[in-house]
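Values quoted throughout were computed directly from the atomic coordinates according to the rules given, and no laboratory measurement underlies them. Treat the numbers as computed from the prediction; the structure is a model and nothing was measured. With ideal geometry, Cβ positions are generated from the backbone for all residues, glycine too; neighbour counts draw on all protein chains shown.
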Amino acid sequence: MSKFENGLGKSANRRSFLKNGMAAAGAATVGAAGLLAGRVPVSDQEDEKSGKLTKGDAAILRFLAAAEILETDLWVQYNELGGVQDSEVPGGSGSAPYTAALQVLDGDMPQYIHDNTEDEFTHEDFINEYLT
């Protein structure tokens, strides 16, 4: 195992560095969670009981909606390149050489790409419908 100088003139190895670093990160996380526990603003507590989204929850869902839109677009492009071309996921003509190369890796890859693309549309639609 490689040793290095830790800045204090003492040598340390990577394993002890990672072990000590992970312990410190864990302690910081537990400490922060303890400070934040039970500190939900009263107005957010009232919104939660009423069934309304809190401002924070709505912001998180809007962020997730934006991420799903981007992810769906990436999968659409991937499907256009190497997925199954049919009316379920419109667009693209596919690339025969690329699809053939994918099938060398996994014979079901074009179908996998197609199915994931369909799933991403449902994720995007669900989150956006929930927000409306």
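Quick look at the numbers
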item	result
Tyr78, sole failed condition from (1) touching a Pro at 6+ places or on another chain (Cβ under 6 Å); (2) within 30 Å of Thr132 (Cβ to Cβ)	(1)
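Table: residues versus (1) more than 16 Å from the chain's Cα centre (by Cα); (2) loosely packed, with under 13 Cβ neighbours inside 10 Å.
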position	(1), (2)
Ala67	no, no
Val76	yes, no
Asn79	yes, no
Gly83	yes, no
Asp86	yes, yes
Gly91	yes, yes
Asp106	yes, yes
Ile113	yes, no
Ile127	no, no
